[in-house]
Structures are given as structure tokens and as C-alpha cells.
1. Can you give me the distance in nm between label points at His163 and Glu27, each placed 7 Å from the Cα along the Cα-to-Cβ direction?
2. What helices does the chain have that are whole DSSP H segments, at least 20 Å long along their own axis by Cα, and with mean Kyte-Doolittle hydropathy of -0.5 or more?
3. Can you show me the helix-derived [θ] at 222 nm for the chain, built from DSSP H runs with n ≥ 4 at -39,500 (n - 2.57) apiece and divided by the number of residues, rounded to the nearest 500.
4. Considering only the other residues whose Cβ falls under 10 Å of the Cβ of Ala72, what net charge follows from Lys and Arg at +1 and Asp and Glu at -1?
5. I'd like to compare 59-72, 210-223: which one has the highest average count of other Cβ atoms within 10 Å, and what's the full order after that?
6. Cut-off under 19 Å on the C-alpha distance; same-chain residues fewer than 8 positions from Lys59 excluded. Which aspartates and glutamates are left, in chain and number order?
7. Name the shape class, rounded, prolate or oblate, that the alpha-carbon gyration tensor gives for the range 18-241, where a ≥ b ≥ c are the square roots of its eigenvalues, rounded holds for a/c under 1.5, and otherwise prolate holds if a/b is larger than b/c and oblate otherwise.
Amino acid sequence: MTAFFKTFYSMLFPPLCVSCEKRVENEDVVLCISCIKSIMLHSSFFCPVCEARVPPGEKICHGDAGYILAAATSYEQKAVRNLIHALKYSETREGAMLIAHIIFEYLKRVLPLSLLDFSEYIAIPIPLYKRKERTRGYNQSFLIAEELKKIFEMHGMMFPEIHTDIITRNTNTLSQTECQNIKERKKNISGCFSVSPIKIVEKKNIVLIDDVHTTGATIGEAVRILKQHGAKRIIALVCAKT
Ligand SMILES: [Zn+2]
Ligand SMILES: [Zn+2]
């Protein structure tokens, strides 16, 4: 859309906060100021199994999970839920920028920027099933990764190279919300990813990027297959956990 039509369009349809539906000044921001301010950020990493807080640099209690969970905030919060929902289901791509800012603010709370070193990592956004990506027009995890990279670079910091071709999603699994319990979810997702080329993953540290961590079935499955192919340390970096 040209700048002229954009202005014209926003006069006819003033941009509204995706959470409380009050008017927002800047349509690229998606949430209004008071909704943004309402978001409470976490200040630690988590064990994905028992949700215990994990101080940076310390080993997690459930090492067999294979990864550490870095979740910026809680999905229980209305503004967070609506923000993620808008990005996933209402074609509100701009939501990715705000989500990336939320994740970056969170990382700053967990450890000082000078210690935030991803130089030995590669980044992998959790892929969608191809058909789903075509219908949606984008993979929200990839958009979040790209926005994070921009923010890191704005701060003169390294962000790991983003790889979208290493893991692919093979089967059209049921939506995770359609599965009743954790066992079903795990079964539903099992074997849904494949890795290639395998060489890239070997001995690499990996940041997996996704919007939400719910039961951990999806991320757990990605971790399982990446570890199988020789991945070292894995951090799941998400906007929210349930
Ligand atoms: Zn609002
Ligand atoms: Zn634990």
C-alpha cells in the first residue's frame, strides 16, 4: 500500500488495539500503550519439565529434556494471548515486531547484554506444515526470528544465522489444541520433523524460536531429532509459556 492509501485507509478504519480494541496511535505496534504496560515479563530461564527457574549458566534439574526454556512472559495474560493470536490467525504480521521486543526485554532481564552471547549458535524457527504456511502466508516463528535479528543488530550485537531449511515438518498433524491430553499431543507430534542437511546441526548450539510453549510436545520433538543429529546445547526461545 502506498503511503497515501495507508493514511486514507487508517482514517476510514482507525487501527485498534488487538487486545482491548481502543485506538492505537501507531498501527505498526498492534497493542495500545496500556496493554503493553500490562505485560509482566519473566526474569529467568525455566526447566521445561517441572518449570523450575534456572539461573543462567546453571544446569537444569531435568537434563533429559534436552533443552532449556527461555519464555519471555506468560500466556495467561490477556494482552499476550491476543497479541500472539493476532499474529497467528488474523494476518497481523506487525505483531512479530512487538513480540521480538518483548523477548529482547526479557533477555535483558535475565542477564546483562554483555553476557548475552549467541555467537556460537544457529537459530531455527519452528517450521509450520507447508500447507499451513501457504494458507497463512508466513511462518510466525520466522517473522519473530527476523525481527529479533534486527533488534540485536540495532544494539550492535550478533544474532545467530537463521536457518529455515534444516528441519521440515512432514505430516499434517492435528492442531495441538485438538488433542485432549499430553500423551495424545506427544503421539500426534512424534516423528513429524526431519532434519537435513544433517552436517549443519552437528556439534552446534541451537536457539529454537517459537511463539508459544504449551506442553512442550512440539519443541520437545524438534529437540529430540536435533539431538539425534548431534546438536549440542539447545535453548527454546519463545514469547510465552502456558
Ligand atoms: Zn489495548
Ligand atoms: Zn525440572
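Taken together, the values in this text are just the output of simple stated rules run on the coordinates, not laboratory data. Note that the coordinates shown come from a computational prediction; the quantities given were computed from them, not determined experimentally. Cβ placement follows ideal geometry from the backbone for every residue including glycine, while neighbour counts extend to all protein chains displayed.
1. Roughly 3.9 nm, to one decimal.
2. Length and hydropathy pass: 95-110, 140-154.
3. Values: 8 runs with 86 residues, N = 242.
Computed ellipticity for the chain at 222 nm equals -10500 deg cm²/dmol.
4. +1
5. Working: 59-72: 17.9, 210-223: 21.9.
Most protected by this proxy first, the peptides run 210-223, 59-72.
6. List returned: Glu51, Asp117, Glu120.
7. Judged from the Cα gyration tensor, the range 18-241 comes out rounded (a/c under 1.5).
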